[in-house]
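Following: one structure in C-alpha cells, then a few remarks.
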Amino acid sequence: DAGVIQSPRHEVTEMGQEVTLRCKPISGHNSLFWYRQTMMRGLELLIYFNNNVPIDDSGMPEDRFSAKMPNASFSTLKIQPSEPRDSAVYFCASNTGGTQETQYFGPGTRLLVL
Amino acid sequence: DQQVKQNSPSLSVQEGRISILNCDYTNSMFDYFLWYKKYPAEGPTFLISISSIKDKNEDGRFTVFLNKSAKHLSLHIVPSQPGDSAVYFCAASAWRSRLTFGEGTQLTVNP
C-alpha cells in the first residue's frame, strides 16, 4: 500500500521564482496537512484540508503561500515569489479523521531558495 | 508563542539504558498528546499517544507519562537500542484543533 507521495523530493531555486510542491495522500484518507520543518521552529502546521476544503490556514506565513486541493488525491503548496527564508523541509500528511487521528507523513520536499 | 517546547535539542544514551525525552506545554486546553519519531530523509512516524484522562500509556519498550498539573509529558524508552536513534517530536492538540509540535530532540543511542 503506497504511503503519502510528495514531489519533488528536492528543489533548488532562485529567489523570486515560483515553487510548487505536490502531494498525493493515502487513498481513502479525507484529511490532508501541509507542514514546514525548520531548525528554529520545528514542525509547523501550515494548512489542513478536510474533504478537499481548507479548514485551518492560520499557519500559512503570508500571501506568498497558497495551497489547493482540487480533488481527494492531489494537493499543491505554492510559494510565489520564493525567498531564502522559505528554505525548509515541507511535509505533507494525511489521515482519515482530522487532527487527533494518527497522521501519516510523506518523505518531505527539501527546498533551498538561493 | 511556542506552546509545545522540547528544551533538550539532543540526548545521548548507552544501549540498554533508559532514554527519557521531555516535553512541556503551556496551553491548558490541550487534551491529546502524541510522540512522533523521525529518521533522516523520512517523514515523521507516529509512535505513541495519550489522552488527558490518563497519566500513563505503555506500548512495548515505549511509555508516555503525562503530568497535567505540571503541563509536562515524557517518553521513556527501555531498553534503548541503536535503532532508536532518531529525532523525536512531541505534539499536542485541543479537541478538534490543530496539532502543535515541539522543536524535536535528537536521540543518539550508542552501542
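The values are calculated or read from the model by the stated rules, or taken from the named source; none is laboratory data. These numbers were taken from a predicted model, which means no experiment stands behind them. Here the Cβ is made from the backbone with ideal geometry for all residues, glycine too, and neighbour counts use every protein chain on show. For accessibility, only protein heavy atoms count, side chains too; no ligands or nucleic acids. Shrake-Rupley method; radii C 1.70, N 1.55, O 1.52, S 1.80 Å.
Some notes on this structure:
- Unmet criterion (only one of (1) part of a loop (DSSP other than H, G, I, E, B); (2) free of Cβ contacts under 8 Å to residues at least 12 places away in the same chain; (3) away from chain A (no Cβ under 14 Å)) for B:Glu58: (1)
- B:Glu58 vs. criteria of a type in the set (Asp, Glu), open to solvent by 40 Å² or more (accessible area, probe 1.4 Å) and within 21 Å of A:Thr102 (Cβ to Cβ): yes
- Condition met for A:Pro70 (within 8 Å of chain B (Cβ to nearest Cβ) and within 21 Å of A:Ala2 (Cα to Cα)): no
- Qualifying residue in the range B:26-39 (condition: open to solvent by 20 Å² or more (accessible area, probe 1.4 Å), more than 14 Å from chain A (Cβ to nearest Cβ), in contact with a Cys (Cβ under 9 Å, 6 or more places away or on another chain) and within 14 Å of B:Lys71 (Cβ to Cβ)): no
- Sole exception among (1) assigned to a strand (DSSP E or B); (2) hydrophobic (A, V, I, L, M, F, W, C); (3) surrounded by fewer than 20 Cβ atoms within 10 Å (Cβ to Cβ); (4) in contact with a Ser or Thr (Cβ under 9 Å, 6 or more places away or on another chain) for A:Ala2, by number: (1)
- Subset of the range B:66-111 (residues that are assigned to a strand (DSSP E or B) and within 14 Å of chain A (Cβ to nearest Cβ)): B:Ala86, B:Val87, B:Tyr88, B:Phe89, B:Cys90, B:Ala91, B:Ala92, B:Ser93, B:Thr100, B:Phe101, B:Thr105, B:Gln106
- For the criterion of being of a type in the set (Gly, Ala, Ser), open to solvent by 30 Å² or more (accessible area, probe 1.4 Å) and at pLDDT below 95, B:Ala92 fails.
- Complete set of residues in the range B:9-24 that are within 13 Å of chain A (Cβ to nearest Cβ) and either touching a Pro at 6+ places or on another chain (Cβ under 8 Å) or modelled with pLDDT of 95 or more (or both): B:Ser10, B:Cys23
- The residues on offer are B:Val87, B:Val78, B:Val109, B:Val64, and the sole one that is of a type in the set (Val, Ile, Thr) and surrounded by fewer than 17 Cβ atoms within 10 Å (Cβ to Cβ) is B:Val78.
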